[in-house]
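This report concerns only the one structure given below.
The values are calculated or read from the model by the stated rules, or taken from the named source; none is laboratory data. What you see is a predicted model, and the numbers here were worked out from it, not measured in a lab. Note that each Cβ is placed from the backbone with ideal geometry, even for glycine, and that neighbours are counted across all protein chains shown. Quick note on the areas: whole protein, heavy atoms, side chains included, nothing else; ligands and nucleic acids left out. Shrake-Rupley method; radii C 1.70, N 1.55, O 1.52, S 1.80 Å.
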Amino acid sequence: MSIFMAVSIFSFIFVLFVSFIPIACQVSSHDHKTLPIESSLEPIARPIKTQIMVEFQVIKAADWEVPLAGLLNLNDPNAKLANLTDRPEPISIYFYLIKHPKFGAFLIDSGIGESFTKGKDHLLVSSIVASQMNFDKLKIYETTKNFLTKNKISLKGIFYTHLHLDHVMGAYEVERSVPFYVGPNEVSNKQFINLFVQGSTNRLLGENPNLIQLDFGKNQYQVSVLDFFGDQSFFVISVPGHTPGSLAFLIPSKEGGHLLLGDTCHTRFGWLQNVIPGSFTADSESNRKSLDGLKFIASSYKPKYIYPGHQERIVSIDLK
Ligand SMILES: [Zn+2]
């Protein structure tokens, strides 16, 4: 290759790179409000003396299959030790119901909307996104609207572990006044990748969603915790990394408590072998620190059940 050719290729790449910077965009262009909140600066380290318990239920919306290299960092020594290589990995899409005796019913993530049961022509995502999402392997068991109607649930809010498409697929069916709570910077952060998903995310969130971005304030801790109802019944945990505003949740219960990891850890293997996600994560270094923070919470609070974002829960008895 001549030097001129090399220079011109370099300038082409440079122009391409520079011209892409200004078009990094938000995950959704819907308006959002910011809710400043007072969070504890330290992870939960002491026994929680809860007077009030929320009811908690896990709903499996669908089974699905995605590449293992997205779910797990296959370069991690523990993944190598287990001889893991990329392959289609069976996963599930879950959403969760919490019922507070005073504040009412909330979901964590939004499950799947009815249009996804009606075939490819009714998808609300763009064709480029659909082509990457392996919808042929999506087997739906429950839609959000059906679940809410048959159980006569009037929602007071939805908390999102994050705004990746597989967590907002039921949002458009939810009544517009219902607050959608997301983590710090989840909407306001701009990334190049969002150029491809913003339209689809907008459509799935539906018209004029009541988006509320929780602002945990500046602190030096990677992981910070919000006692959402102020009665130690439901803790929202900021775990940036997988996405800027990823959230995890700790829900005390009589049986010993539930720790929901969100996609800070998608898989059982990831939690049990301490391996962070692979290519699906935006910031691996930050995801690592957040997973360490959740491990710390798990070791100090000792929840009975731990829920990876996309696979069966781990019962603490499994660990003995
Ligand atoms: Zn996910």
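Side notes on the structure shown:
- Pairs, first of a type in the set (G, A, S) in the range 115-142, second open to solvent by 80 Å² or more (accessible area, probe 1.4 Å), C-beta under 9 Å, six or more apart: S115/H122; S126/F196; S126/R203; A130/K120
- Selection from the range 277-320 of residues that are within 17 Å of the chain's Cα centre (by Cα), more than 17 Å from Y96 (Cα to Cα) and of a type in the set (A, V, I, L, M): A282, L291, L294
- Considering only residues in the range 181-193 that are within 19 Å of G111 (Cα to Cα) and part of a strand (DSSP E or B), the one that is most open to solvent (accessible area, probe 1.4 Å) turns out to be Y181.
- Residue satisfying all of: in the range 208-237; open to solvent by less than 10 Å² (accessible area, probe 1.4 Å) and hydroxyl-bearing (S, T, Y); farthest from the chain's Cα centre (by Cα) among these: S233
- Output for the range 166-180, where each listed residue is open to solvent by 20 Å² or more (accessible area, probe 1.4 Å) and within 14 Å of the ligand (Cβ to nearest atom): D166
- Selection count, the range 258-278, where residues are in a strand (DSSP E or B), buried (at least 24 other Cβ atoms within 10 Å of the Cβ) and in contact (Cβ under 8 Å) with a residue 60 or more places away in the chain: 2
- Residue in the range 198-222 that is farthest from F106 (Cα to Cα), counting only those that are hydrophobic (A, V, I, L, M, F, W, C) and modelled with pLDDT of 90 or more: L204
- Within the range 239-257, restricting attention to residues that are open to solvent by 10 Å² or more (accessible area, probe 1.4 Å) and within 29 Å of Q51 (Cβ to Cβ), the residue that is farthest from the ligand (Cβ to nearest atom) is K254.
- Annotation: F196 fulfils all but one of (1) open to solvent by 80 Å² or more (accessible area, probe 1.4 Å); (2) out of contact with any Asp or Glu (no Cβ under 9 Å at 6 or more places or on another chain); (3) outside any helix (DSSP H, G or I); the unmet one is (3).
- Unmet requirement for S131, which otherwise passes all of (1) within 16 Å of the ligand (Cβ to nearest atom); (2) open to solvent by 20 Å² or more (accessible area, probe 1.4 Å); (3) under 29 Å from K190 (Cα atoms): (1)
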